[in-house]
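Shown below is the structure under consideration.
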Amino acid sequence: MVINTNLDENLGNKMIKKSILTSAIITALTGITALPVMAETEAKANQKDVEVIEVKGIRNSILKAQHLKRNADSVIDAISADDLGKFSDAAISDAMQRIPGVQIERNDGGQEGDRASIRGLGPTYVSTTVSGRTVLSSGTEGLSNLRAFNLEVIPTDVITSVIVKKTPTASDPESGLAGSVELQTRKPLDNAQFRDGSNTFGSLTIQGDKGSIGDEQGTRFSGIFGQRSEDGKLGYYVSYLNSESHPGRDQLFPQVSQRDLKLDTTGDGQADTVAEDVYTIHKIDLEPIREDRSRESFAAAVQWQASDDLEITADVVFTSFDNTSIRNRVAPVFSSAFDNGVLDASKITIDDNNTLQAIEKGAFLGDQEITTQFIPFLYANKTESTVAGINFAYIINSDLTMSADFHYSGVDYEQDLDLPILLQDIPASQVSFNNSNGLYSVDLGNVPLDQYRLSQDTGLTRDIFLDGEQFGARFDFVQTLDNGWLESIDFGFRWTSEEVDSVRTNMKSQTTGFTDEELADISIAAIDQTGTSSYNFYPDDNVFSQFPIGDLNALYSAIPNLGNRIDLGVDPNRILFISGRCVCYLCGR
């Protein structure tokens, strides 16, 4: 029994030890199993707190541009847009200005648009095509430089690449002397724009802007949407852009001429000596420009892969660009006071270059007067452009391909200039100016607002109209060869027919026939009599701060012909031409 008892105790001890060991193993295993679960839970918890920053690059765009340059048969530079409806800049000209050898000529006035020059030769020596089609331009104010293309016509949303060709080839018979710019538009069936196997694509962009000058904020809305069929043989896209901006800028135009100045050196008010051939100010135009720019663009395209050998693409781009500004210009005219008066030599500064740099108040002696012009004028430029066409790409056989393209290009341009000039003579002795800061800071002294007057010859208007149409056709053939020394032969022809009619009217006064009393009442109503405005004009340089606030609507109400479109007659500066041309080419690669 003792033995049995001992056996039970030994067995119990073994059982207890085994239970403890088992429990330890189970606990360990449970702990080990729990570790990844806990780690996963903690990772998920931490993952929720992590801010994800997604960075998109432009590597693919750079590779596309390199591919275009590598495979070109002439010297070119290229940029491409990889993201839908986006260049790296808001305007084509902003993107092009970084291309080596390309310069962008800016035009803030709205009568020209931004243009490209290549290797120092101006825009008139650069030909521009849209998908291989020549397009019409309004040139400069619809009167000159009609070969220069305004880049603002084409919205960036529909552009996939810009190719700048610096050397012409025979297959580009209409290339400019400096080179050519080719704007490639989007193709509805381009696979790159469809993501993750989708049959639709689109983008929507809303932007705002506000310049350092001007009080209003601008907006820009653009969108593009496209779709293709399930079999990928039919596709389309539509694009729309609407933007409004209110930029401002300040302009100062000093007009300089040489003249002799009569100087009083003794203080008796009489001319004692003459400073000869001094460069003096004839007139200074002080002009704060506050603009209203609006643009509306529409683009659409349809592409159909009719068969393995035939592809048909039709597209259209329409753009309307309106740039209107009302400019309250002040322009003091000094020439008469310089020519007929005497100056106190102690109150003027003539530098070593014989240039009059400063005049203090009281420098003009006697009763000389300075005529001051106040011109609250309207300067409006509106351009409407249309480019449309249809293209047929056909594989005739395994070695011969053909491309046939038919297009239409139209442009309408209008400029409206309403130029009422109000005048008043002020004592020259109260006027001063100083050019120590590189800008002519002017103080006119006391200028009564109710003394500005229109005259029968100063209510001026002038208009410019341009209307142009172009029709064109292009046939290109590529014959592939395999003889070891010639890869292919390109041949084809181009045909265009265009008609452009540009008219500038006479400059005509609309205040003729009004009495002096009527003009005095109109002049007072046309200016806010409560005070002047600084317009924040050159704010850091203290140039001028005495701008009257004009009311152009009051002038239009009192003088209807000033704002209405009437027959002003045609001056000799009119352009009317009708042309047609056909060009054939043949080249080998």
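Can you tell me which residue is farthest from L241 (Cα to Cα) among those in the range 199-219 that are among the hydroxyl-bearing types (S, T, Y) and at pLDDT 90 or above? Break it down stepwise before answering.
The first filter runs over the range 199-219 and keeps only residues among the hydroxyl-bearing types (S, T, Y), leaving 200, 203, 205, 212, 219.
Restricting the remaining residues to those that are at pLDDT 90 or above gives 200, 219.
Details: T200: 20, T219: 11 Å.
This residue is T200.
Turning to a different aspect of this structure: Which of the residues that make up the range 164-174 are surrounded by fewer than 20 Cβ atoms within 10 Å (Cβ to Cβ) and out of contact with any Phe, Trp or Tyr (no Cβ under 7 Å at 6 or more places or on another chain)?
Here is the first cut: in the range 164-174, the ones surrounded by fewer than 20 Cβ atoms within 10 Å (Cβ to Cβ) are 166-171, 173-174.
K166, T167, P168, T169, E174 - these are the residues of the range 164-174 that are surrounded by fewer than 20 Cβ atoms within 10 Å (Cβ to Cβ) and out of contact with any Phe, Trp or Tyr (no Cβ under 7 Å at 6 or more places or on another chain).
Looking at the structure I just gave you, is G223 modelled with pLDDT of 95 or more and more than 30 Å from I350 (Cα to Cα)? Give the derivation first.
Details: modelled with pLDDT of 95 or more: no; more than 30 Å from I350 (Cα to Cα): yes.
When the stated conditions are applied, G223 does not pass them.
Tell me whether the range 199-210 contains one or more residues that are surrounded by fewer than 17 Cβ atoms within 10 Å (Cβ to Cβ) and of a type in the set (A, V, I, L, M).
First, the residues of the range 199-210 that are surrounded by fewer than 17 Cβ atoms within 10 Å (Cβ to Cβ): 199-200, 202-210.
Within this subset, residues satisfying the condition of being of a type in the set (A, V, I, L, M) are 204, 206.
Yes: one or more hits.
Which residues, taken from the range 220-262, are farther than 30 Å from T313 by Cβ and not in a strand (DSSP E or B)? Lay out the reasoning, then the answer.
Residues of the range 220-262 that are farther than 30 Å from T313 by Cβ, as a first pass: 244-262.
Listed by number, the residues that qualify are H246, P247.
Can I ask one more? Can you pull out the residues in the range 351-383 that are open to solvent by 20 Å² or more (accessible area, probe 1.4 Å) and hydrophobic (A, V, I, L, M, F, W, C)?
Once the filter is applied, which keeps residues that are open to solvent by 20 Å² or more (accessible area, probe 1.4 Å) and hydrophobic (A, V, I, L, M, F, W, C), the range 351-383 yields L365, L378.
Filtering the range 305-315 down to residues that are assigned to a strand (DSSP E or B) and open to solvent by 30 Å² or more (accessible area, probe 1.4 Å), which residue is farthest from F433 (Cα to Cα)?
L310
Now, a different point. Restricted to the range 515-536, and to residues that are of a type in the set (A, V, I, L, M, F, W, C) and outside any strand (DSSP E or B), which residue is farthest from N381 (Cα to Cα)?
Within the range 515-536, the first condition is being of a type in the set (A, V, I, L, M, F, W, C), and the residues that meet it are 519-520, 522, 524-527.
Then drop every residue that is not outside any strand (DSSP E or B), which leaves 519-520, 522, 524-526.
Details: L519: 28, A520: 31, I522: 27, I524: 29, A525: 27, A526: 23 Å.
Among those that are of a type in the set (A, V, I, L, M, F, W, C) and outside any strand (DSSP E or B), it is A520.
Are any residues in the range 175-188 open to solvent by less than 30 Å² (accessible area, probe 1.4 Å) and over 20 Å from V153 (Cβ atoms), and if so, which ones?
Passing the criteria: only P188.
Can you find, within the range 460-514, the residue that is least open to solvent (accessible area, probe 1.4 Å) among those that are outside any strand (DSSP E or B) and in contact with a Lys or Arg (Cβ under 6 Å, 6 or more places away or on another chain)? Let's see the steps before the verdict.
Let us first name the residues in the range 460-514 that are outside any strand (DSSP E or B), namely 481-487, 506-507, 510-514.
Filter once more, keeping what is in contact with a Lys or Arg (Cβ under 6 Å, 6 or more places away or on another chain): 487, 507.
Details: E487: 130, M507: 93 Å².
Step by step, filter the range 460-514, then rank; the result is M507.
May I pose another question? Does V500 satisfy the condition of being within 30 Å of S436 (Cβ to Cβ), touching a residue at least 12 places away in the same chain (Cβ under 8 Å), touching a Phe, Trp or Tyr at 6+ places or on another chain (Cβ under 8 Å) and not charged (D, E, K, R)?
On the way: within 30 Å of S436 (Cβ to Cβ): no; touching a residue at least 12 places away in the same chain (Cβ under 8 Å): yes; touching a Phe, Trp or Tyr at 6+ places or on another chain (Cβ under 8 Å): yes; not charged (D, E, K, R): yes.
No: the conditions fail for V500.
Just to be sure before I move on: is S320 more than 19 Å from L444 (Cα to Cα) and assigned to a helix (DSSP H, G or I) in the structure I sent? Explain how you work it out, then say what you get.
Details: more than 19 Å from L444 (Cα to Cα): yes; assigned to a helix (DSSP H, G or I): no.
So S320 fails the test.
Being among the acidic types (D, E), farther than 30 Å from A337 by Cα and open to solvent by 20 Å² or more (accessible area, probe 1.4 Å) is the requirement here; does E414 meet it? Can you show your working first?
Details: among the acidic types (D, E): yes; farther than 30 Å from A337 by Cα: yes; open to solvent by 20 Å² or more (accessible area, probe 1.4 Å): yes.
In short, yes.
Turning to a different aspect of this structure: Determine if the range 562-577 includes at least one residue that is at pLDDT 85 or above, assigned to a loop (DSSP other than H, G, I, E, B), within 30 Å of N446 (Cβ to Cβ) and open to solvent by less than 50 Å² (accessible area, probe 1.4 Å). Reasoning before the result, please.
Here is the first cut: in the range 562-577, the residues at pLDDT 85 or above are 562.
With assigned to a loop (DSSP other than H, G, I, E, B) added as a condition, the list becomes none.
No, there is no match, as no residue in the range 562-577 is at pLDDT 85 or above, assigned to a loop (DSSP other than H, G, I, E, B), within 30 Å of N446 (Cβ to Cβ) and open to solvent by less than 50 Å² (accessible area, probe 1.4 Å).
Within the range 220-270, which residues are under 24 Å from F334 (Cβ atoms), among the small types (G, A, S) and either in contact with a His (Cβ under 7 Å, 6 or more places away or on another chain) or surrounded by 16 or more Cβ atoms within 10 Å (Cβ to Cβ) (or both)?
S257
Restricting to the range 142-163, name every residue that is part of a loop (DSSP other than H, G, I, E, B), among the aliphatic types (A, V, I, L, M) and open to solvent by 10 Å² or more (accessible area, probe 1.4 Å). Spell out how you get there, then give the answer.
Taking the range 142-163 as the starting set, the residues that turn out to be part of a loop (DSSP other than H, G, I, E, B) are 142-143, 145-150, 154-155.
Still in the running and among the aliphatic types (A, V, I, L, M): 143, 146, 148, 154.
The answer is L143, L146.
Considering only the range 273-304, how many residues are open to solvent by less than 50 Å² (accessible area, probe 1.4 Å), more than 22 Å from F374 (Cα to Cα) and polar (S, T, N, Q)?
Residues that pass the stated criteria total 3.
With the condition kept exactly as written, say whether any residue in the range 121-128 is of a type in the set (V, I, T), more than 18 Å from the chain's Cα centre (by Cα), surrounded by 15 or more Cβ atoms within 10 Å (Cβ to Cβ) and modelled with pLDDT of 80 or more.
yes
Further question on the same structure: State all residues of the range 263-290 that are hydrophobic (A, V, I, L, M, F, W, C) and assigned to a strand (DSSP E or B); if no residue qualifies, say none. Before you say what the answer is, go through the steps one by one.
From the range 263-290, those hydrophobic (A, V, I, L, M, F, W, C) are 263, 271, 274-275, 278, 281, 284, 286, 289; that's our starting set.
Scanning the range 263-290 gives L263, V274, A275, V278, I281, I284, L286, I289.
Could I ask something else about it? May I ask you to say which residue of D405, D425 is assigned to a strand (DSSP E or B), open to solvent by 20 Å² or more (accessible area, probe 1.4 Å) and of a type outside the set (A, V, I, L, M, F, W, C)?
Working: D405 fails: open to solvent by 20 Å² or more (accessible area, probe 1.4 Å).
Just a single option satisfies the conditions, and that option is D425.
Something else: Just to be sure, is I213 assigned to a strand (DSSP E or B), open to solvent by 10 Å² or more (accessible area, probe 1.4 Å) and closer than 30 Å to R249 by Cβ? So that I can check it myself, show each step before the final result.
Numbers: assigned to a strand (DSSP E or B): no; open to solvent by 10 Å² or more (accessible area, probe 1.4 Å): yes; closer than 30 Å to R249 by Cβ: yes.
Against the criterion (assigned to a strand (DSSP E or B), open to solvent by 10 Å² or more (accessible area, probe 1.4 Å) and closer than 30 Å to R249 by Cβ), I213 does not qualify.
Sticking with this one: All but one of (1) in contact with a Ser or Thr (Cβ under 8 Å, 6 or more places away or on another chain); (2) open to solvent by less than 50 Å² (accessible area, probe 1.4 Å) hold for F318; state the number of the condition that does not hold.
(2)
The values are calculated or read from the model by the stated rules, or taken from the named source; none is laboratory data. The shown structure was predicted, so the numbers you read here are calculated from the model rather than taken from an experiment. Positions of Cβ are backbone-derived with ideal geometry, glycine not excepted, and every protein chain shown enters the neighbour counts. The protein model used for the area step is the full one, side chains on, heavy atoms only, and it has no ligands, DNA or RNA in it. Shrake-Rupley method; radii C 1.70, N 1.55, O 1.52, S 1.80 Å.
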